[in-house]
């Protein structure tokens, strides 16, 4: 923080010291007043909510009376007894392991493509970004049709090449790849972050490498990848957190009506939390599930940060 | 992208939108391809990808113009044009109510979060007070909190207030600022010369006046960016609507919830007749405002970057 120049002059008389202290105090009070909305929101909707959530997770919550009876670790114990928790967790992990690398690779390839274009890159950047603006519901509604195993455009296209496409939305083995595909359609956001990073790689590095006889692949791994590792790190963390909370597409395709007998393969963790909370009204159990997710995301993020700190190159560092 | 997407009320901050709309840096490019053939090849690949990504939009537009029996035929040019879908849909579905609800909530959510985040951001940017950096660190930390953790208690808090079923739970939290937007606005205010405020202070302008009459007008471009981001996040928010509005009648739904409802209603497994052309019309009608917003937001973002660029 820059030091305020107006207070840098030394006071010559005690009266001024008093005035300056009053000025300081008034400034502090005003500062706190300005951030008061956030403090209130934080106390109620973040800190308060987290504590409340923790309390609920140790209770049997009765929605009708808004009362909760403490039941110790029972909710946490039943996390391990309910096979659907394990199913939804492994579905989510499996999805994340597929989706995050796929998004990173596709986004990076598209960014590399646009970075190399001498003309029209701006237009393509906008076009590639457009799907990201589409509401997830609309995306899901369209892909619901495109991915239809019999009449969908994707299998029709595959038939053109002589490939018999799978029953994307019905075959349990293809449920998660289908959702990955929907996610890939909206990869434009990640691409743009890579693109911004690529633009900051000093072109001299490539010139020197060329003089040393490095080929394009060598240059990519020795220059490009290390130089954009900061953006890579950011994208991996953000995409992982999002993947662990995947909800909208799967919900619209499989869980929007209660009667739907949907495949277990489409039961993601966030969906199961939602169902337990707002369809079964078992808030205690759902809160325990949410805390387990929080701990898992925290651990994975910490591992990523730890690994990232060893691998990421920051330009400011010496 | 969704750090906070799942938090009802306060919805996804989207840093990449900011980057998406930044003007190309003028400085240098990564190795423009030398040969003409390479250049043409790149262009062909880029166009191919663009066609692939635009195809679902074209498919949607075309399907929305087809009669019931042909919605699935994948023809990009409908065999039978049925523009009456666009007339009938308003009778078939309470689409107008959905759009009105979504628009009202999005306007409230975006206005509330833009104003409150600006106030808080000015507090963090201009004033020096004990604990400032710790509190700001806390602001940043909340960005990493998964929405699923607070989803349930926040619902129960709103339940206590008796406001479930109204619009309030879908935007009320925005009155308290949102971490990413506070961060964004603070960055902008830090770029304003401090002398500007010191001069105003000498002229007897109050602290509030410094914010309202000096900082706010100067930060209109970044204010609009926050507004647009939140508008989009709110417009697209399905989960909060599911939690807070699903128990009501269909005309109380928002657009995303309405479309999910329409898909179920027309599904043959639920006794519908497969009138998916109306779902397609609704999906298109709901998407178009976002595409317009994108075109609109881009202009403002470039202005915003230009304003911050000028001070250096």
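Where a number appears in this text, it was derived from the coordinates with a stated rule and is not lab data. All values derive from a computational prediction rather than experimental measurement. Quick reminder, even Gly has a Cβ in these numbers, built from the backbone with ideal geometry, and neighbours come from all protein chains shown.
When the C-alpha atoms of segment B:193-260 are aligned to their principal axes, what extent does each axis show, in angstrom, from largest down?
Principal extents (largest minus smallest coordinate, Cα): 57, 19, 15 Å.
Which three semi-axes in whole Å describe the equivalent ellipsoid of segment A:87-133, each the square root of 5 times a Cα gyration tensor eigenvalue, listed largest first?
The three semi-axes for segment A:87-133 are 31, 12, 4 Å.
For segment A:47-95, take N as its residue count and report Rg(C-alpha) divided by 2.2 N^0.38 Å.
Cα Rg divided by the expected 2.2 N^0.38 Å: 1.39.
In square nanometres, what is the average projected area of the Cα convex hull of the protein assembly as shown?
33.2 nm²
222 nm [θ] for chain A, helices only, -39500 (n - 2.57) per DSSP H run of 4+, per residue, to 500?
Result for chain A, helices only: -21000 deg cm²/dmol.
Convex hull over the alpha-carbon atoms of segment B:53-198: what's its volume per residue in Å³?
Cα-based convex hull of segment B:53-198, divided per residue, equals 212 Å³.
Sort largest first and round to whole Å: the equivalent ellipsoid semi-axes of segment B:87-311, each the square root of five times a Cα gyration tensor eigenvalue.
In descending order, the three semi-axes are 40, 21, 14 Å.
Mind listing P(r) for segment A:44-133? All alpha-carbon pairs, 10 Å bins, whole percents.
Reading the bins upward from 0: 13, 22, 20, 17, 17, 9, 1.
What do you get for Rg/Rh over segment A:124-229 if you use C-alpha atoms and the Kirkwood form of Rh?
1.16
Note the direction-averaged projected area, equal to a quarter of the hull surface, for the Cα convex hull of chain A, in nm².
Across all orientations, chain A yields a mean hull projection of 27.1 nm².
Quick check on the exposure proxy: order A:204, A:27 from fewest to most C-beta atoms within 10 angstrom. Please report the intermediate quantities before stating the final value.
Values: A:204 9, A:27 18.
Ranking A:204, A:27 by Cβ neighbours within 10 Å, fewest first, gives A:204, A:27.
So for segment A:200-303, what are the equivalent ellipsoid semi-axes in whole Å, largest first, each being the square root of 5 times an eigenvalue of the Cα gyration tensor?
45, 16, 9
Counting other beta carbons within 10 Å of each Cβ, put B:292, B:228 in order, fewest first. Can you show the working numbers first?
Numbers: B:292 11, B:228 22.
Fewest-to-most Cβ neighbours within 10 Å comes out as B:292, B:228.
I'm checking a number: the convex hull volume of the Cα atoms of segment A:163-225, normalised per residue, in Å³. What is it?
Convex hull volume per residue, Cα atoms: 123 Å³.
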